[in-house]
1. If you check 24, 36, which single one turns out to be surrounded by 10 or more Cβ atoms within 10 Å (Cβ to Cβ), closer than 19 Å to residue 98 by Cβ and either at pLDDT below 90 or more than 13 Å from the chain's Cα centre (by Cα) (or both)?
2. What single numbered condition from (1) within 18 Å of the chain's Cα centre (by Cα); (2) farther than 16 Å from residue 68 by Cα fails to hold for residue 100?
3. For the stretch 50-65, give me each residue that is closer than 30 Å to residue 104 by Cα, within 15 Å of the chain's Cα centre (by Cα) and either loosely packed, with under 14 Cβ neighbours inside 10 Å or free of Cβ contacts under 8 Å to residues at least 60 places away in the same chain (or both).
4. If you go through the stretch 103-112 one residue at a time, do you hit one that is farther than 17 Å from residue 46 by Cβ and either part of a helix (DSSP H, G or I) or within 20 Å of the chain's Cα centre (by Cα) (or both)?
5. If you scan the stretch 65-76, which residues turn out to be farther than 15 Å from residue 144 by Cβ and either part of a strand (DSSP E or B) or out of contact with any strand residue (DSSP E or B) (no Cβ under 6 Å at 6 or more places or on another chain) (or both)?
6. Consider residue 112 carefully, then state whether it is surrounded by 11 or more Cβ atoms within 10 Å (Cβ to Cβ) and closer than 18 Å to residue 77 by Cβ.
7. Listed residues 84, 150; which is without any contact (Cβ under 8 Å) to a residue 24 or more places away in the chain, under 17 Å from the mean Cα position of the chain (by Cα) and within 26 Å of residue 47 (Cβ to Cβ)?
8. Return yes when residue 68 is at positive phi and either at pLDDT 90 or above or more than 13 Å from the chain's Cα centre (by Cα) (or both) and no when it is not.
């Protein structure tokens, strides 16, 4: 997902002679546009996915912060299911195996959210996993306080698979 604040081209009806310059400007602009941080690349918005899906993206390695991915069925308030911690490689690419609902959730929409978390929020997510492994209780938790307002999300549809 790319974010542009403003993109203006003053020419309404460019001539053929102006097109190469305009194309070069567009290519230069697109090369300079940064990805959102973090950025979910796969799955894409509206995509139908199976119960297990690899969520992939791009992010920066940030000292003291950890990238997390959480899933929420649409209309579930502030209740989210944390997913496996993605590992952000030096290249900025990341992925994590993510679980979208259960066998009775075909056709439902789910939000997949990627955000950075400070150690206090990381501890809440770690507690979720520790408690779930110990008790088998995997109830959702309120969305932990993200480290920054910038996060990325996509809405996917749970398929019949």
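1. Details: 24 fails: closer than 19 Å to residue 98 by Cβ.
The match here is 36.
2. (2)
3. We begin by selecting, within the stretch 50-65, every residue closer than 30 Å to residue 104 by Cα; these are 50-57.
Within this subset, residues satisfying the condition of being within 15 Å of the chain's Cα centre (by Cα) are 53-57.
Result: 54, 55, 56.
4. Residues of the stretch 103-112 farther than 17 Å from residue 46 by Cβ: 103-104.
Next cut, either part of a helix (DSSP H, G or I) or within 20 Å of the chain's Cα centre (by Cα) (or both) only: none.
No, because not a single residue in the stretch 103-112 is farther than 17 Å from residue 46 by Cβ and either part of a helix (DSSP H, G or I) or within 20 Å of the chain's Cα centre (by Cα) (or both).
5. Matches in the stretch 65-76: 73, 75, 76.
6. Numbers: surrounded by 11 or more Cβ atoms within 10 Å (Cβ to Cβ): yes; closer than 18 Å to residue 77 by Cβ: yes.
Yes: the conditions hold for residue 112.
7. Details: 150 fails: without any contact (Cβ under 8 Å) to a residue 24 or more places away in the chain.
84 is the lone residue from the list that is without any contact (Cβ under 8 Å) to a residue 24 or more places away in the chain, under 17 Å from the mean Cα position of the chain (by Cα) and within 26 Å of residue 47 (Cβ to Cβ).
8. Details: at positive phi: no; either at pLDDT 90 or above or more than 13 Å from the chain's Cα centre (by Cα) (or both): yes.
For residue 68, the condition - at positive phi and either at pLDDT 90 or above or more than 13 Å from the chain's Cα centre (by Cα) (or both) - is not met.
The values are calculated or read from the model by the stated rules, or taken from the named source; none is laboratory data. In this text the structure is predicted, and so the values were computed from the model without any measurement. No Cβ is skipped: glycine too gets one built from the backbone with ideal geometry, and neighbour counts run over all protein chains shown.
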